[in-house]
Amino acid sequence: MAGIKTRLERTQKMVKRLEDEYRDALHNRINQLGYRLSEVLETFPIEKQAAKARLMVVLEYEEITVNGAMQLITEGHYACAFYPIVVIQYLHYLLDEIGVPPLDEIGLFRQLILEAQPDLKADFHVLERKWKHVAAVNG
C-alpha cells in the first residue's frame, strides 16, 4: 500500500509541475503579444475547456498576424475556417456558463462556418434551439 501512495504522490507532483509549466508558457505567450494577462484570462477563463480552446485559436491567429501577414483575414474568419468546432463549443459555453445568449455571434459565425463547412448545419440547429429555449425562459 505504501508503494501505491508513493507512486500516486510522485504522479501528482509531476502533473502539478506540468500544469505550472503550461500555465507559465501560456502567460508568457499572452504577454509577448502585448495583452494584459488579467483581461485575457477574464474573457477566456482557462478552467473552462471551451474558453481555453477558443483562447488558443485567438493566440494562434495573433501570432500569425503579428508580422502583418494575413491582414485581410479577420480572426473570426480564421477561427471559423480552421477551427469551426471550437467556435461552436465556445458559443455553447457563452450560452450555458455565462448565460449570455450570443445573438450576434451565432449569426455571424453561422454564416462563416456554414460557407466553409455546410455539414455542421445540424450543430447550429442544436445551438439555436438551445438559445431560443433560454430566451423563452428568461423572457
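Stretched out fully, how many nm does the piece from residue 8 to residue 56 gain, at 0.36 nm a residue minus the Cα gap?
Details: separation 48, 0.36 × 48 = 17.28 nm, distance 3.05 nm.
Result for the pair: 14.2 nm of gain on full extension.
In this structure, residue 138 and residue 43 have a Cβ-Cβ separation that, at R0 = 25 Å, corresponds to a calculated FRET efficiency of about 0.65.
Within the straight-line cut-off of under 29 Å between alpha carbons, the lysines reachable from residue 5 are 13, 16, sequence neighbours fewer than 8 places apart in one chain being disregarded.
Calculate for the chain the 222 nm mean residue ellipticity that helices alone would give, adding -39,500 (n - 2.57) per DSSP H run of length 4 or more and normalising by residue count, nearest 500 deg cm²/dmol. Working shown, then result.
Values: 7 runs with 105 residues, N = 139.
Helix contribution divided over all residues of the chain: -24500 deg cm²/dmol.
Against the chain, whose longest principal axis comes from its Cα atoms, helix 103-116 is set at around 90 degrees. The heavy atoms of residue 22 offer some 90 square angstrom of accessible surface to a 1.4 angstrom probe.
Computed in the context of the full set of protein chains, the accessible area of the chain at 1.4 Å probe radius has 56% of its extent on carbon or sulfur. Rounded to the nearest 10 degrees, the angle from helix 2-32 to the longest Cα principal axis of the chain is 50 degrees.
Ordering 56, 14 from largest to smallest accessible area (1.4 angstrom probe), what's the sequence? The partial results should precede the final answer.
Values: 56 45, 14 100 Å².
Heavy-atom accessible area, descending, gives 14, 56.
At an R0 of 35 angstrom, the distance between the Cβ atoms of residue 18 and residue 64 translates into a FRET efficiency of 0.85. Labels on offer are (i) 1.31; (ii) 1.37; (iii) 1.13, and the one holding Cα Rg over 2.2 N^0.38 Å computed from this structure is (i). Among the protein heavy atoms, those of residue 48 account for about 80 Å² of accessible surface (1.4 Å probe, every chain in place). Accessible surface comparison of 44, 124, probe 1.4 Å, protein chains only, largest first: the order is 44, 124.
Once the chain from residue 122 to residue 74 is taken as fully extended at 0.36 nm per residue, the excess over their C-alpha distance is 14.8 nm.
Tell me which GluC sites (Glu not before Pro) from region 2-93 have a DSSP coil assignment and no more than 14 other beta carbons within 10 Å of their own.
Details: sites: 9, 19, 21, 39, 42, 47, 60, 62, 63, 75; in loops: 47.
Qualifying residues, ordered by number: 47.
Rolling a 1.4 Å probe over the protein heavy atoms leaves residue 11 with an accessible area of roughly 70 Å².
Seen against the Cα atoms of the chain and their longest principal axis, helix 49-65 is set at about 80 degrees. If you sort the three axes of the alpha carbon gyration tensor as a ≥ b ≥ c, you get a/c of 1.5 or more for region 1-67 and a/b above b/c, which makes it prolate.
The values are calculated or read from the model by the stated rules, or taken from the named source; none is laboratory data. All figures in this text were calculated on a predicted structure; none of them were measured in a lab. In this analysis, Cβ positions are derived from the backbone assuming ideal geometry, glycine residues included, and neighbour counts consider all displayed protein chains. Side chains are part of the model used for accessible areas, which takes the heavy atoms of the whole protein and leaves out ligands, DNA and RNA. Shrake-Rupley method; radii C 1.70, N 1.55, O 1.52, S 1.80 Å.
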